[in-house]
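These notes concern the structure reproduced below.
The values are calculated or read from the model by the stated rules, or taken from the named source; none is laboratory data. This one's a predicted model, so the numbers in the text were calculated from it and none came from an experiment. All Cβ positions, even for glycine, are placed from backbone atoms using ideal geometry, and neighbour counts span all protein chains on display. All accessible areas refer to the heavy atoms of the entire protein, side chains included, with ligands and DNA or RNA removed. Shrake-Rupley method; radii C 1.70, N 1.55, O 1.52, S 1.80 Å.
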Amino acid sequence: MGLLKRAPKVVIFSPRTLLVGRPYDVEVVITTPEPLDVDFVEARVEGEQGWAVGSGKSRTSRREVFPELALRMMEASTLPAGETRLRARFTLPPGTPPSHEVRPAWAYLDLHVRVGIPWWPDGHYRFTLPVRIPPPAHIERVPRAFRSSSDSPDDKRLELSLPSTTFIAGETITGSCAIFHVDDRKERELEIALVPHLSLVGWRTREREGSALGVTIRIPAGAAGTNIPFQFKLPPTIVPTFETLTHQLSWQLVASTGSFFSGKLELAVPLTVVDASAADVVQALALPPRLADERVGQLFDQLAVRGGWQRARTTRDGDVVVEQEVDTSTARLTYTYRGEDGTFLISTVERPSLGLGLVVTPSSSIRHVFFEDVEVDIADWDRRHLVAARAPAQAIPFLKQVVPVVKSAGELGSMVRWTDDAITFERQVGTLDEHQLAEIAATLAHVAAAINRAAFDIAPPPDVTLDVAAWRDLAHRLDGASGMGDLSIDGTLDRARVSLGLERRDGKPHGVRVSVGDPDAAGADLRAISLDLAHPRADILSTKNVEPIVEQVVGWPADVVELRLHDGVASALWLLPGGATPAMDAERVRQLVTELRTVLAALAPGAGPYR
């Protein structure tokens, strides 16, 4: 027989594309005009991948074959005249790259069919099979906002927002951009480019960029600081993000404007591109966050006008803030941007110290094993938070009043820290509207009011004896607020600032520290006087340049110690009497306040707040 009569015709029937990790059947059809003896029929799957850079003597390359799969479809037999159909089943293993030519790298998969013909050259047939990689099992798509780095909020910067950092092949990328602190008297162009980035793995890793996709956005004159939308469609055939033996492909969305001479702004955002099959299982994209501090500032201004908050202001970091006084507390809302982490609304209630030594932080079951915890018998709260306080018996009643309110304040986001002085919540926000902000502001004011109510009911420390009514009367006479937790009072006496509180040593009540005075109100002569007497009644006689107060201090009782005068502020410590639960004497504390006030008046020459 002639050669043409001996060579069979081979065709294959296979899926249009192969998905890595999924089993596939490929049908091989062998056609011969007459019976043909064969030694075997074999199918072999070979994936070739690699890269090459440079040229001539400087050319460097790498080539690998993966995967390699072989299947014997027929042993020695005779093919009848006409068609013979054989099937091969195989599964491409993880790590198989998608078919592509993102230069300087490549990857493709071939199916080789070999027909062994005795005493004659074997028949070799090659077919190329397109390969795709499946999307991840779980894809989370969250709107994000980004900004170019700057040392100051007044520096030129570029902001970009996206509905997600994960996109599906064939999907339309929608987003917004804004530029700040640039000359916008003329129209300017903003380039939005999707750039493939290749990491070529060899004895050292080489980085290369492929051909970019993108659009040009025209920003009208006078549009700096405003939200400019954009969109462009990804090709259905775009190569998804992947990693294989010889190279890795990742994507970056690069926004840039300006030039070398006028100053160039550029912002690069890493993106993940997944296979088009993800469109059937992934939720639709949300709207990208709106940009521009001006828009958020307007919302905060509206809250200030309609809700009784202080007018919006912008901090040096570019954060937008409003505040409201709620009795003795300050409620504060802060809109802040944290680079790739996105934008957050920070809700804070600040107040005079509760005096409980309170520290509440989110926790885990492991931390509860290693740290002592104060529990309030609210199961899910106790499980998820680590609570520390100086005296649990003093803190628990307060917490039982406030924790249910904190738990119901879901609009504020997650509670990140709670101390004697403040409670802070964080909520990541993609967009923020007027209704949403008003609801958050009302919730924060409600939390502040709940803390104020519960703070009034805090009992005195259990290791001292106290006439609560007398102590609160002292706070009233000093026109101040009483922190019952640590028996602190911040107030005034005859226009002089007063601060006092229980002082502990080795964890036990030791005395009441009283300070009177204000550096900003004191004259230069008074601020120049420095005094530090461990035992004032005895030490004052040997102290120079304090003649106006000698007669007064000599008459002090021995339990008043550590008289100090620095920068126009006088302070001293009244030692508590001994005993397991020493008694706090509000009248003795009031007398010490008056005495320190008199010391300042005697040492301050001329008229002033201490005369």
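Would you please classify the overall shape of the stretch 230-273 from the alpha carbon gyration tensor, given that a ≥ b ≥ c denote the square roots of the eigenvalues, rounded means a/c under 1.5, and beyond that prolate means a/b larger than b/c while oblate covers the rest? Taking the square roots of the gyration eigenvalues as a ≥ b ≥ c, the stretch 230-273 is oblate. Cross-link partners of LYS57 among lysines, defined as those whose alpha carbon lies under 27 angstrom from its own and excluding same-chain residues fewer than eight positions apart, are absent. Taking packing as the residue-averaged number of other Cβ atoms within 10 angstrom, the listed peptides 383-394, 204-215 run from highest to lowest as 383-394, 204-215. Only helical runs count toward this figure. For the chain, summing -39,500 (n - 2.57) over DSSP H runs of n ≥ 4 and dividing by all residues gives -5500 deg cm²/dmol at 222 nm.
Based on the mean of other Cβ atoms within 10 Å per residue, sort peptides 21-27, 547-553 so the most packed one is first.
Working: 21-27: 13.3, 547-553: 15.4.
Ranked by mean Cβ neighbours within 10 Å, highest first: 547-553, 21-27.
Taking amide H atoms as placed 1.01 Å from N in the peptide plane, the amide H of LEU493 lies under 5 Å from those of VAL498, each 5 or more residues away in sequence or on another chain.
Shape verdict for the chain, please, from the Cα gyration tensor: rounded (a/c under 1.5), prolate (a/b greater than b/c) or oblate.
Values: a/c = 3.47, a/b = 2.66, b/c = 1.30.
Prolate.
Summary of the geometry: the stretch 78-151 and the stretch 513-573, compared by the centres of their Cα atoms, lie 87 Å apart. Taking Cα atoms only, the orientation of helix 586-603 departs from the longest principal axis of the chain by about 80 degrees. The C-alpha atoms of the chain define a longest principal axis, and helix 434-456 lies at about 40 degrees to it. Packing order of peptides 514-526, 228-240, highest average first: 514-526, 228-240 (average count of other Cβ atoms within 10 Å over each peptide's residues). Bridgeable aspartates and glutamates around LYS9 (alpha carbons under 19 Å apart, same-chain partners fewer than 8 residues away excluded): GLU27, GLU34, ASP37, ASP39, GLU42, GLU75, GLU83, ASP110, ASP122.
Under a cut-off of 27 Å between alpha-carbon atoms, report the lysines in cross-link reach of LYS233, not counting same-chain residues fewer than 8 places apart. Those lysines meeting the cut-off are LYS264. Amide H to amide H, with H built 1.01 Å from N, SER488 comes under 5 Å of GLY483, LEU502, counting only residues 5 or more places away or on other chains. Per-atom-type breakdown for the chain gives carbon and sulfur 51% of the accessible area (1.4 Å probe, protein chains only).
Amide H contacts under 5 Å for LEU576: GLY511, VAL512, restricted to partners 5 or more places along the chain or on a different chain, H placed in the peptide plane at 1.01 Å from N. Taking the C-alpha atoms only, the angle from helix 293-307 to the longest principal axis of the chain is near 40 degrees.
Assign one of three labels to the stretch 343-487, namely rounded, prolate or oblate, based on the Cα gyration tensor with a ≥ b ≥ c the square roots of its eigenvalues; rounded applies when a/c is under 1.5, prolate when it is not and a/b is larger than b/c, and oblate otherwise.
Taking the square roots of the gyration eigenvalues as a ≥ b ≥ c, the stretch 343-487 is oblate.
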